[in-house]
2 protein chains.
Amino acid sequence: MITPRAATQEEVRRHNLGRLLRLLHIRGGTSRAELTALTRLNRSTVRALTGELVEAGLVRESAPVGRGAAGRPSIRVEPESERVFVLAIDVGVERVVAARIGLGGVVLDRRSTQQVRGDSDPPQVLHRLKVMVGELLSAAPVDARCVGAGVSVCGVVDSRDGTVRFAPNVGWVDVPFGPMLADHLGLALIAVGNDADLGVMAEHLRGAAADASDAIYLSGEVGVGGGIILGGQPLVGAGGYAGEVGHMSVNPEGRICRCGRRGCWETEVGEDGVFRSTGIPPEAGFEQVLAAYAAGDGAALAGVHRAGHWLGVGVVDLVNIFNPQVIVFGGAVRHIFSLTEQLVKEALATALAAPRAQVRLAPPALGADSTLVGAAELAFARLLEDPLGTLTTPTRTEAAIV
Amino acid sequence: MITPRAATQEEVRRHNLGRLLRLLHIRGGTSRAELTALTRLNRSTVRALTGELVEAGLVRESAPVGRGAAGRPSIRVEPESERVFVLAIDVGVERVVAARIGLGGVVLDRRSTQQVRGDSDPPQVLHRLKVMVGELLSAAPVDARCVGAGVSVCGVVDSRDGTVRFAPNVGWVDVPFGPMLADHLGLALIAVGNDADLGVMAEHLRGAAADASDAIYLSGEVGVGGGIILGGQPLVGAGGYAGEVGHMSVNPEGRICRCGRRGCWETEVGEDGVFRSTGIPPEAGFEQVLAAYAAGDGAALAGVHRAGHWLGVGVVDLVNIFNPQVIVFGGAVRHIFSLTEQLVKEALATALAAPRAQVRLAPPALGADSTLVGAAELAFARLLEDPLGTLTTPTRTEAAIV
């Protein structure tokens with residue numbers, strides 16, 4: 001232990017401002033008494049700090065509803081969700097979503113476009129996003145401030161510079177999408193993350209994995225990726241490439257995967273596998289699979305059950321390898337899971353007894369929005385790290401929409 | 001940030017004593033000048049602290065061999081490997097090993113007994129260990145001190161109380177082996193760990209994974225387990241059960257595993273799978289497989305190549321899932337890997353390009369001793385945490401062999 005330099009009073013203050021704002025961002029409205037208890041700061045400090053956040057327009061205080069621990073009414077503090085927002089963008093294979101998401105994680109407004117596969121060249125996606133973001137910003141209240149932007153992409157991302165290294169399902173290789181989009185929208189900086197990593201982050205902060213230290217979120221449409229949190233920390237790997245659970249070999253007699261290997265998990269449980277098994281053409285969209293299944297179509301039933309079977313096999317692998325508390329079925333896997341939940345749970349009986357007893361299988365609490373909300377969390381990170389610094393440094397004006 | 005209580009001078013001193021001793025334990029002999037550079041403590045502090053360690057009999061100082069940074073000779077400090085030791089024990093399916101391992105990780109002396117499968121009831125193992133440990137201690141120098149004991153077991157272990165929860169290959173369920181062995185040997189406390197977890201720890205501290213933040217060590221004889229380090233931290237899972245990579249399903253058309261599932265990785269690459277594939281009876285021992293292979297026996301060649309094929313498949317899964325820097329092939333898998341390295345490396349070509357480029361496949365630098373050395377590290381932990389505290393508290397005499 002080299003005795004660390006003591007933090008300055010100013011550093012402590014800024015850090016505590018961030019802690020308070022993060023609490024309010026995750027919990028929503030909270031009484032000052034609760035904030036005092038949660039932070040273990042003293043009452044006068046909490047009052048002074050929330051006062052600063054009020055002045056900065058990040059939170060508001062309202063009349064007390066209940067009573068504090070001491071029997072006195074306690075002021076309620078709420079994030080300024082309508083006035084402080086980020087732009088969150090989710091680039092998938094078949095749709096692109098852009099949303100205004102307010103402090104507190106509230107989806108305020110959204111635009112979405114379907115795209116045909118193969119129609120997702122970066123310039124086309126950028127164009128669509130420019131239109132959608134323009135609409136979102138025009139519709140925003142005049143006094144609302146944009147404090148950041150974040151993007152979820154279904155591919156391997158270098159988060160340091162916002163480059164999408166490899167996104168086979170949209171056909172991107174080494175696309176500097178973050179900088180390109182920032183340039184296109186006139187923003188200073190756009191954070192980019194992998195969809196599965198963002199999905200697990202969002203479900204861990206405010207969803208089905210909120211109480212879990214060890215959680216797996218499955219993402220993807222055509223492909224299947226895994227966002228994995230272990231001991232409260234994201235699984236990253238040596239170079240940031242970890243979590244490619246879609247490329248576990250589950251069926252050596254199975255189909256050739258686009259990665260070149262045979263029988264990868266995603267060839268069985270990804271959308272394309274289901275299209276092939278059901279005989280429904282991908283152009284029809286996955287809704288067609290769901291409709292045919294609902295109508296009791298024989299091929300649809302068989303194809304979906306096949307996917308459910310292999311979903312169970314991979315889930316058991318993950319339970320044995322990771323001993324997670326929860327596996328959340330996001331992306332297109334969400335549909336397969338909801339249709340074959342019983343089958344997957346039966347498969348779970350073949351997992352080792354000890355980890356089996358500790359795992360829950362769950363749909364995403366945020367539905368189809370886990371990755372979108374995760375992109376918003378990425379965008380909020382800088383504000384939550386240093387609430388007033390972000391607003392007063394020169395980048396604040398740069399970061400505003402031109 | 002609740003400003004942390006400043007550490008007292010005494011706490012800082014004890015912490016720094018631990019840091020110095022740990023450095024010497026891992027690096028072996030080191031000059032005081034190097035210790036100064038590595039710890040960033042000042043020279044007089046290092047001199048004073050090593051003086052304390054010398055006085056406690058934990059390290060010795062010797063005449064300088066080279067010259068320090070300032071051009072002056074620098075005293076060399078070395079761990080007292082002969083005088084300060086732990087008992088390390090490795091309970092496998094087919095053999096039990098006990099060793100005296102000195103500070104610095106030096107195997108000073110060892111005893112080993114082969115055991116026939118099914119002949120590993122706890123009382124029998126305890127009896128064998130009592131004999132072996134007795135011999136080891138009789139042969140130790142009279143001034144040598146035992147500072148702890150650690151055990152590696154091929155099973156799921158509750159490290160808090162030293163209970164082996166589930167070790168199917170030796171047939172143990174809920175055996176409080178740590179307390180039983182401590183009682184049998186007259187020791188106060190014996191730390192117990194899972195073989196794969198200890199193997200990866202040892203290879204990470206002083207072996208093939210020494211430079212890796214993300215490493216996987218495969219252990220096992222009959223079964224196959226994974227000790228996994230991610231971002232420098234061991235993978236534990238929600239309840240301590242993570243790492244059961246031997247129970248990934250790789251071959252759905254394969255054999256029924258003793259876990260009840262079909263086609264688990266260990267049914268193909270574990271010893272029993274190889275015995276079945278080669279037609280050699282388990283009673284003959286794995287050496288017989290190696291001998292038949294070396295002799296060019298057709299069934300042995302085919303059986304070992306089959307295991308190599310499946311070894312490669314599982315390795316690719318692990319590379320895609322974890323993006324590790326190194327996979328170390330320990331336990332019985334060590335033999336399969338050394339015979340089929342080319343086959344495994346060919347399989348690796350089917351891993352995703354990015355993680356593939358970052359992984360090394362390696363034999364264990366500690367050979368068959370990774371788990372044994374890991375057990376020693378477990379035993380040294382308390383001494384390294386607080387070098388003088390351990391020696392001066394009442395438990396020191398209790399911890400000595402009666």
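The values are calculated or read from the model by the stated rules, or taken from the named source; none is laboratory data. Note that the coordinates shown come from a computational prediction; the quantities given were computed from them, not determined experimentally. Using ideal geometry, Cβ is built from the backbone for each residue, glycine included, and neighbour counts are taken over all protein chains shown.
For B:GLY227, the stated conditions do not hold, so it cannot be described as crowded, with 24+ Cβ neighbours inside 10 Å, facing chain A (nearest Cβ under 9 Å), within 26 Å of A:SER213 (Cβ to Cβ) and among the small types (Gly, Ala, Ser).
For segment B:312-337, a residue qualifies if it is over 16 Å from the mean Cα position of the chain (by Cα), surrounded by fewer than 24 Cβ atoms within 10 Å (Cβ to Cβ) and away from every other protein chain (no Cβ under 14 Å), and exactly one does: B:HIS335. Residue-level analysis places B:ALA182 outside the set of residues that are surrounded by fewer than 24 Cβ atoms within 10 Å (Cβ to Cβ) and closer than 19 Å to B:LEU384 by Cα. Listed conditions (1) within 19 Å of B:ALA294 (Cα to Cα); (2) modelled with pLDDT of 95 or more are all met by B:ALA332, apart from (2). Out of B:SER213, B:SER159, one residue alone is assigned by TED's automatic domain parsing to the domain that holds B:VAL236 and surrounded by fewer than 24 Cβ atoms within 10 Å (Cβ to Cβ). It is B:SER213. Residue count for segment B:137-175 under the criterion of being at pLDDT 90 or above, of a type in the set (Ser, Thr, Tyr) and within 15 Å of the chain's Cα centre (by Cα): the result is 1.
For the structure I just gave you, tell me whether B:VAL46 is within 30 Å of B:ALA332 (Cα to Cα) and touching a residue at least 24 places away in the same chain (Cβ under 8 Å). When the stated conditions are applied, B:VAL46 does not pass them. In this structure, B:LEU366 does not qualify as farther than 19 Å from B:GLY105 by Cβ and either modelled with pLDDT under 95 or surrounded by 15 or more Cβ atoms within 10 Å (Cβ to Cβ) (or both).
Kindly indicate whether A:ALA357 is within 14 Å of chain B (Cβ to nearest Cβ), of a type in the set (A, V, I, L, M, F, W, C) and either more than 22 Å from A:GLY220 (Cβ to Cβ) or in contact with a Lys or Arg (Cβ under 6 Å, 6 or more places away or on another chain) (or both). It is true that A:ALA357 is within 14 Å of chain B (Cβ to nearest Cβ), of a type in the set (A, V, I, L, M, F, W, C) and either more than 22 Å from A:GLY220 (Cβ to Cβ) or in contact with a Lys or Arg (Cβ under 6 Å, 6 or more places away or on another chain) (or both). Screening A:PHE177, A:PHE166 for residues that are of a type in the set (Phe, Trp, Tyr) and crowded, with 22+ Cβ neighbours inside 10 Å leaves exactly one candidate, A:PHE177. Which one of these does A:LEU205 not meet: (1) in a loop (DSSP other than H, G, I, E, B); (2) surrounded by fewer than 24 Cβ atoms within 10 Å (Cβ to Cβ)? (1) is the only condition that A:LEU205 fails. A Cβ distance below 8 Å, combined with a sequence gap of six or more or placement on separate chains, defines the contacts here; from segment B:261-272, residues that are in the same structural domain as B:GLU244 (by TED's automatic domain parsing) and of a type in the set (A, V, I, L, M) reach residues that are surrounded by 24 or more Cβ atoms within 10 Å (Cβ to Cβ) and not in a helix (DSSP H, G or I) in the pairs B:VAL269/B:VAL224. If the condition is being touching a residue at least 12 places away in the same chain (Cβ under 8 Å), surrounded by fewer than 16 Cβ atoms within 10 Å (Cβ to Cβ) and closer than 20 Å to B:ASP183 by Cβ, then segment B:111-125 contributes only B:ASP121. Cβ separations smaller than 6 Å between residues 6+ apart or across chains give the following pairs from segment A:150-178 residues that are outside any strand (DSSP E or B) to residues that are surrounded by fewer than 24 Cβ atoms within 10 Å (Cβ to Cβ) and of a type in the set (Lys, Arg): A:PRO168/A:ARG258. Having 2 or more residues that are in the same structural domain as B:VAL153 (by TED's automatic domain parsing) and among the aliphatic types (A, V, I, L, M) is the bar; report the strands (runs of 3 or more DSSP E) wholly within segment B:9-96 that clear it. Once the strands (runs of 3 or more DSSP E) in segment B:9-96 are filtered for at least 2 residues that are in the same structural domain as B:VAL153 (by TED's automatic domain parsing) and among the aliphatic types (A, V, I, L, M), what remains is B:84-91.
Counting just the residues of segment A:179-199 that are part of a strand (DSSP E or B) and in contact with a helix residue (DSSP H, G or I) (Cβ under 8 Å, 6 or more places away or on another chain), which one comes out nearest to A:ALA149 (Cα to Cα)? Applying the filter and picking the extreme gives A:ALA191.
Taking segment B:239-287, which residues are small (Gly, Ala, Ser), more than 9 Å from chain A (Cβ to nearest Cβ), buried (at least 21 other Cβ atoms within 10 Å of the Cβ) and in a helix (DSSP H, G or I)? Hit for segment B:239-287 is B:GLY273, nothing else. Taking the criterion of being surrounded by 15 or more Cβ atoms within 10 Å (Cβ to Cβ) and not in a helix (DSSP H, G or I), the only residue of segment A:288-300 that qualifies is A:ASP297. Within segment B:222-239, not a single residue is more than 30 Å from A:LEU235 (Cα to Cα) and in contact (Cβ under 8 Å) with a residue 12 or more places away in the chain. On inspection, B:GLY199 does not qualify as in contact with a Leu (Cβ under 6 Å, 6 or more places away or on another chain) and more than 14 Å from chain A (Cβ to nearest Cβ).
Can you tell which of B:SER81, B:SER44 is surrounded by fewer than 17 Cβ atoms within 10 Å (Cβ to Cβ), hydroxyl-bearing (Ser, Thr, Tyr) and either modelled with pLDDT of 95 or more or more than 26 Å from the chain's Cα centre (by Cα) (or both)?
When all the criteria are applied, what remains is B:SER44.
Quick one: would you say A:SER138 is closer than 30 Å to A:ALA242 by Cα and of a type in the set (Ser, Thr, Tyr)? No, not satisfied.
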